[in-house]
Amino acid sequence: MIELGRNSFGLWRMVFPPLVITLLLLPQLCRAQDNSFVEAAVTSDIDIQGANVWLATSNGADYSHDLGMTWVHYGAGNGLGEGGVCGLSVSNNLIVIATSLVDSNYSIPMGTGLSFSTSNGTSWTHVPQPIDSSGDTILSYGINDSLRILPIHTSQYNLAYDVAQQNDTVWIASYVAGLRKTTDNGQHWQRVLLPLDDMYHLSPTDTLRTKNFDPRLNLNLLVFSVAVENDSILWCGTAGGINKSTDRGLSWSRYTAQLNGLTGNWGVALHGQTTPQKHVVWASTWPANDPSERIGISFSSDGGATWQTALSGRKSWNISSQGDTVMVPTDNGLYRSVDGHSWEYFQPLGHDTLYDAVKDSYGGLWVATPHGNEVFSDRAELWSDTTVVSVKREEARPLKYRLGQNYPNPFNPSTTISFTVPRFSHVTLSVYTILGQLVQTVVNENKAPGVYHVQVDGSRWGTGVYFYRLSAGNFVQTRKMALVQ
């Protein structure tokens, strides 16, 4: 049985030269860093749940419990493995972070393990990158005994580019080491079979014509992304297509550019969009080894039965959604759509390349860029329903409470009131008559830090002078406006 050791780099370049060389140049993938603070740490992934924000960077992980006002950094000195974060999965009960760096002797990526926290980052359990022993190379699958899989005896090219959670199971997409899972927070790992390159289905009831599963000869065994749809359905992106399992990874169906119309077979990123009306699986699909393949987005709204494509020529690393809207950060700005066919274009920072874009539940748009620790910045003038503010890992931009003058003023029948919130606050914005009688409460809810623009409709009011007042924390400010019917 052949091992993948330090001398295997030449072999891998010979077998998959375009794929490997491209992989080493991807800026969003984790690169070697020392453990000191790095001003130019690249943010590659953002996870937001309520006011909790996790950032995956090339120098570790950053966590904020108050939507970016304060930050805690995690690195090799306090719970994580060496290098940068290449995989991140956050749930209410478990946080999993995978790390990697570049082998300085061979300039190739290598995994440095995974860290698990059940205390929202207060404490961590770190486990080394899963590697195989000789006994791991022979297993049974359904009616097939003594299957042989190339053992991975090294952490070179063995790193978790993606992490997903499904009930008590943690899945990792670990490149040459394939798809693996653990049910005890990394203490034990199990390899998961995927179809070979000439197979479009894999089931335990199949009599397999071969007993050898070798990633050097099968692009579909090189795994880059994994996503959970529900308790039983799992998606896996490889260099050989998009794979779906409806029984928690036991059997699989495989979709490709050649057979199903994906833009390309290299499934770099996966995202499941679920609303009461629909479920759509989105994939960032790049060319692997066929000249007919291209860069773009592939998506299916019927569980993989049919596929459609979008954003041809636009390279993306992540996909996110909120409600009916899907967002795709690319090498040429940010795109969003509600149907996958009509797209709006937006450059939130003036930067062409964006690695991730996530909208929080308070209206803020967080964008990961290759430019230092800046995560999101400036105002989204083209998307009127999106507020984008600026924060850096080490400190937030010093904002103040502020109530702006309405515009237009005088107005008929509507006007816009702007206000600024420097910290997570309960905000009340109300309109009163000149005699102090309440006319309307426009805002009465918690707001994240940011700048807000609220449209007020005065079509049911009478002509006259009105006052509007902003209350937030200990801050109170009142301004005057006039309605002319």
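The values are calculated or read from the model by the stated rules, or taken from the named source; none is laboratory data. Bear in mind that the values here come from a model prediction, so they are computed numbers and not experimental data. Cβ sites come from the backbone with ideal geometry, for glycine too, and all protein chains shown count toward neighbours. What goes into the accessible areas is simple: the full protein's heavy atoms, side chains included, and nothing from ligands, DNA or RNA. Shrake-Rupley method; radii C 1.70, N 1.55, O 1.52, S 1.80 Å.
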Problem - region 275-299, residues that are of a type in the set (S, T, N, Q) and surrounded by 15 or more Cβ atoms within 10 Å (Cβ to Cβ) - result: S284, T285, N289, S298
Practice task
Mind listing whichever residues of region 125-162 are surrounded by 16 or more Cβ atoms within 10 Å (Cβ to Cβ), over 30 Å from V90 (Cα atoms) and of a type in the set (A, V, I, L, M)?
Solution key: L139, L147, I149, L150
Practice task
Find the residue count for region 197-223, including only residues that are aliphatic (A, V, I, L, M), farther than 17 Å from N158 by Cα and out of contact with any Ser or Thr (no Cβ under 7 Å at 6 or more places or on another chain).
Solution key: 2
Exercise for the section: Please indicate, with yes or no, whether at least one residue in region 78-94 is surrounded by fewer than 22 Cβ atoms within 10 Å (Cβ to Cβ) and either assigned to a helix (DSSP H, G or I) or in contact with a His (Cβ under 7 Å, 6 or more places away or on another chain) (or both). Expected result: yes
Practice task
Collect the residues in region 223-249 that are assigned to a loop (DSSP other than H, G, I, E, B), small (G, A, S) and under 19 Å from N260 (Cα atoms), keeping them in residue-number order.
Solution key: A239, G240
Exercise for the section: Check every one of the strands (runs of 3 or more DSSP E) wholly within region 132-171 and list those with 2 or more residues that are free of Cβ contacts under 8 Å to residues at least 24 places away in the same chain. Expected result: 138-141
Practice task
Pull up region 216-246, narrow it to residues that are touching a Gly at 6+ places or on another chain (Cβ under 7 Å) and among the hydroxyl-bearing types (S, T, Y), then point me to the one that is surrounded by the most Cβ atoms within 10 Å (Cβ to Cβ).
Solution key: T238
Problem - Subset of region 326-345 (residues that are farther than 23 Å from E293 by Cβ and surrounded by fewer than 17 Cβ atoms within 10 Å (Cβ to Cβ)) - result: V338, D339, S342, E344, Y345
Practice task
Output the residue which, of all residues in region 426-442 that are surrounded by fewer than 18 Cβ atoms within 10 Å (Cβ to Cβ) and under 23 Å from L67 (Cα atoms), is farthest from the chain's Cα centre (by Cα).
Solution key: T428
Handout entry: Looking only at region 462-485, and only at residues there that are within 46 Å of the chain's Cα centre (by Cα) and part of a loop (DSSP other than H, G, I, E, B), the one that is surrounded by the most Cβ atoms within 10 Å (Cβ to Cβ)
Key = G473
Practice task
Report yes if some residue within region 272-293 is touching a Gly at 6+ places or on another chain (Cβ under 6 Å), among the charged types (D, E, K, R) and either touching a residue at least 24 places away in the same chain (Cβ under 8 Å) or not in a loop (DSSP other than H, G, I, E, B) (or both); otherwise report no.
Solution key: yes
Handout entry: Test: residue in region 243-263 that is within 20 Å of the chain's Cα centre (by Cα) and touching a residue at least 12 places away in the same chain (Cβ under 8 Å)
Key = yes
Handout entry: Selected residue (only one of R216, R191, R180 is among the basic types (K, R), in a loop (DSSP other than H, G, I, E, B) and under 29 Å from S284 (Cβ atoms))
Key = R216
Handout entry: Whichever residue in region 172-198 is open to solvent by less than 30 Å² (accessible area, probe 1.4 Å) and within 23 Å of N260 (Cβ to Cβ) and, among such residues, is farthest from the chain's Cα centre (by Cα)
Key = L196
Exercise for the section: Could you tell me which residue of region 199-213 is nearest to the chain's Cα centre (by Cα), considering only residues that are surrounded by 13 or more Cβ atoms within 10 Å (Cβ to Cβ) and polar (S, T, N, Q)? Expected result: S203
Exercise for the section: Could you tell me whether any residue of region 380-389 is of a type in the set (S, T, N, Q) and either open to solvent by less than 50 Å² (accessible area, probe 1.4 Å) or modelled with pLDDT of 85 or more (or both)? Expected result: yes
Completion exercise
Just one listed residue, out of N243, N212, N260, N185, is farther than 24 Å from I97 by Cα and at pLDDT 95 or above, and it is N260
Problem - Test for A98: is it open to solvent by less than 10 Å² (accessible area, probe 1.4 Å) and aliphatic (A, V, I, L, M) - result: yes
Handout entry: So N373, is it in contact with a strand residue (DSSP E or B) (Cβ under 8 Å, 6 or more places away or on another chain), at pLDDT below 95 and polar (S, T, N, Q)
Key = yes
Handout entry: Subset of region 59-72 (residues that are over 20 Å from T118 (Cβ atoms) and either assigned to a strand (DSSP E or B) or among the hydrophobic types (A, V, I, L, M, F, W, C) (or both))
Key = L67, M69, W71
Exercise for the section: Return a yes/no flag: does region 106-124 have any residue that is surrounded by fewer than 18 Cβ atoms within 10 Å (Cβ to Cβ) and under 23 Å from N243 (Cβ atoms). Expected result: no
